[in-house]
Amino acid sequence: MSQKSEYIQTETGNKVSRKSLIIGSQNIILGGKTIIQADCCIRGDLRRLVPQGQNAAAVAIAVGRYCFLSKSCLLRPPSKTYRGQFSYYPMKLGDHVFVGEGSVIEAAVIGSYVNIGKNCVIGKFSIIKDCVRIEDGTVIAPNSVIPSFSSVEGHPGIVVEELPETAAEMLELKELYKSI
Amino acid sequence: MSSFPYIHISCPCHEDRPQTFTIDSARPISPSKSPSKHDFNFLPTDPHTPTKRRTLLGGFTPSVSFDGGNLGLDLDDDEELTDEDDENNFDPRDPRSAFSLFPIENLLYCEDCHQIRCPRCVQEEIVCWYCPSCLFEVPSSTVKSDGNRCTRNCYLCPVCTALLAVIPVNHSSGHSDHPTGPFNLFCSHCHWTTSDLIPPIQLEKPTSISAQLSKLTHSPQDTEFIRLKQHYAQQLGNAQEDFTNSPAALTRLMGLYTGLGSGSGGHGGSRKGRGVKKLEMKEVDRPREVNEEQELEIVERMAVEGLEATTTAKQRLTQPHEPRFLSDLTPTAVLLRTKRSKRCRACRHILVKPESKVQTTRFRIRLVALNYIPSLTIKRLDSTITWNNLTPHKTHRFLLTVTNPLFDPISVSLLTPRRTPGTAFASRVTILCPEFEVGANTDVWDDALMSTKPAAATPSGVSTPPVAGSFASFSKDPKMSTVYEQKMNYTSVVIEVVPPEIPDTRETRIRDERLLEIPIYVRVEFEAEVDRDDEEGGGGKPSHSGASGGAVQRERVEYSYWCVVGVGRVGDPVEGVVASEPNTPVRTPVGTPVKAPRTPAAMRTPLRQVRS
């Protein structure tokens, strides 16, 4: 149980730790009931390069509902040089995404019901589909795609197991939100 | 096994073999009679009695008399009693058990057999093939003709198995709008590229990589495989022509095999019939040639380049030409994955049917055990307990929670052998309130009710007086032997475990004696509407039959299963905590019926029984 005062609660039920580091919050969307723990770093400032004159709605990081970002994890939009132009690209997290302590996320898309363990590295532009469990210490190579109902482990991460049909129930985080 | 605590449920399939020969030899139990009735003869038959009984339990009268009368409480009897227990109880240490224990999430439930189905007792059928990388569906005809690998652009690094990316060889050309070739396949994990190969592979186009690569990396093994495949496909075609239509098919088939038994005898064209000249290719019989010069060359190269340049067994075996050197590895195409539906092996009904679209995670039919049988969870009551280091001789209290997924209230009996079976170092286990009711699940999730924290627990006004409060205050409270906490669709009771002192010898380590697993027999009884059975195959949950018109008949249903609670590991003895009392907890017998039922008998009948 954490102290009430540690978190700032938003209107939609997000609980953001006062000790977390959120940069460029105008480019970050939280879906509601998301918990961001202490020492998390979310780099909303690394947004897509918009040509001068255009005023596109720039969302760097979109996070769904009931997500849980554990202590000292880092969310950082992926970047690459395309046609000679270096740019960051938006990152999207679905609902019920758990990110373990000390993990670094540079994925392009993470689906719903995804559990990422401790000290993982999710490489640039990787795509993780729904219902996936990523074991502690996994390193997912850049540009990889993890299909649904997979359990991923290793260095680089490979699918080691298929999750059962109940994966969505197993990875649901509603109870976790209530416990904070 | 997973980290502590875990709860695994035993699928009845593990008793499939033994029950064929133990039924008659053992205690006679008439099949018509409910085994649980027999074994739990102390259980009330009146559905309302459990509530009554719980109040009685406060005075300990019925159970004690039962225990004392039938089984005795003396330590002298204990040995005998343990023996008997071993025979009757589910033994989690039995090698056979290992195959049938699954977490409830992995289990399915057949509505027709009324049985739990584990991954071992379902049959799988492939719904569709897809590439796990590009997530494109591959038609089964393509799988048959081109093999089970992605035929698009998905390739894996042969060194580290990460996905390869296509990049232009000349980086400086990145400034132009359309990078021009040649292209490399590049692994962004270990930075291997196809230019590391000898000779380097470079692609002209960034698309249709499979077509380009198959031209560039064609080993003699591939050619041989294709020839073999063609040959046998032809054989198969001939054989089908011959044997399916001809009336003398069987004789000819038999003659074919007996005649060919001695090998080359079949090669002559003397036998009548068209396609049976030879079954095997001539090359198959030929001994594999080893080119001595080539081998020497390899040895020399190893001497020069060192072991770092050679492949690991895993890298070598994933390639058809089994290369010895890293520079001979070629990119491997991504293996396809499948979506599969699952059928019950006994009645062939479909238990799981995923939607055929690759990217969806929904199911058309999904009969998972989680929606049918109550699930157990275990928590520490005393937060000072460390799962991996349980103190011997100390009474550890855990909270066992039974959650009801059904839309009918259920009454639950939990039974456990008083001493954990299958080991010389048995722990004492007591479930303080083994019989209780669990409320019905509701369609509408009342978040407000669910979110009340255990600390603030107030009796929800049902039949029982749950005890709330700090641990210290109620540790002496006799009410502890009642239900600890009761909420909407779950009930928690206290389980006490006294682990023994286990010496740290080689033998105990091999047998992993310190692992403390408690088998618990869960028996569930409830009243269900009869028309429930008509809704089979509807998928999803055993639905709340709201639209059940007409006469609603109620029937009593009971079922039972064994589960194993992995509580933790027994630690080293702690100074000051010694086996002072007779190893029995103070209130031992309250609810722990020493006699749990014979497993085969209990499992012989369907999990769910309907009593008139």
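Figures for the structure shown
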quantity: When each of B:LYS314/B:LYS379; B:LYS144/B:LYS215; A:LYS129/A:LYS178; A:LYS174/B:LYS394; A:LYS71/B:LYS339 is checked by Cα-Cα distance, pairs over 30 Å; calculated: B:LYS314/B:LYS379; A:LYS174/B:LYS394; A:LYS71/B:LYS339
quantity: Value of D in µm² per second that Stokes-Einstein yields for the range A:4-179, Kirkwood Rh from Cα pairs, at 37 °C (0.692 mPa s); calculated: 203
quantity: Relative contact order, percent, the range B:366-431 [alpha-carbon distance under 8 Å, six or more residues apart]; calculated: 31
quantity: Debye intensity ratio I(q)/I(0), log10, the range B:294-419, q values 0.10, 0.11, 0.12, 0.22 Å⁻¹ (C-alpha model); calculated: -0.78, -0.81, -0.83, -1.27
quantity: Estimated distance in nm for a label pair at B:CYS190 and B:ARG227, the labels positioned 7 Å out from Cα along Cα-to-Cβ; calculated: 3.3
quantity: Local net charge near B:HIS396, Cβ-Cβ under 11 Å (Lys/Arg +1, Asp/Glu -1); calculated: +2
quantity: Label-to-label distance, nm, for residues given as B:GLU305 and A:LYS174 (7 Å Cα→Cβ offset); calculated: 5.8
quantity: Within-10-Å neighbourhood charge of A:ASN27 [Cβ basis; K, R +1; D, E -1]; calculated: +2
quantity: For B:GLY568, residues with placed amide H under 5 Å, excluding near neighbours; calculated: B:LEU516
quantity: Using a Förster distance of 35 Å, the FRET efficiency for B:GLU507-B:THR312 (Cβ separation, nearest 0.05); calculated: 0.45
quantity: Fewest-first ranking of B:ARG428, B:ARG96, using other Cβ atoms within 10 Å as the exposure measure; calculated: B:ARG96, B:ARG428
quantity: Charge tally in the Cβ shell below 10 Å around B:THR386, where Lys, Arg are +1 and Asp, Glu are -1, B:THR386 excluded; calculated: +2
quantity: Considering only the range A:4-179, percent of DSSP beta bridges that pair antiparallel, nearest 5; calculated: 25
quantity: Inter-probe distance in nm under a simple model that places probes 7 Å from Cα toward Cβ, at B:VAL574 and A:VAL109; calculated: 5.2
quantity: Residue-averaged beta-carbon neighbours from other chains (10 angstrom radius) around A:160-167; calculated: 6
quantity: Net lengthening on full extension, B:ARG96/B:SER208 (0.36 nm per residue, minus Cα-Cα); calculated: 35.3 nm
quantity: Directionally averaged projected area (convex hull, Cα atoms, the range A:53-109), nm²; calculated: 4.9
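Read-outs: derived from the displayed coordinates by stated rules, not from any lab. All figures in this text were calculated on a predicted structure; none of them were measured in a lab. Neighbour counts run over all protein chains shown; Cβ positions are idealised from the backbone, glycine included.
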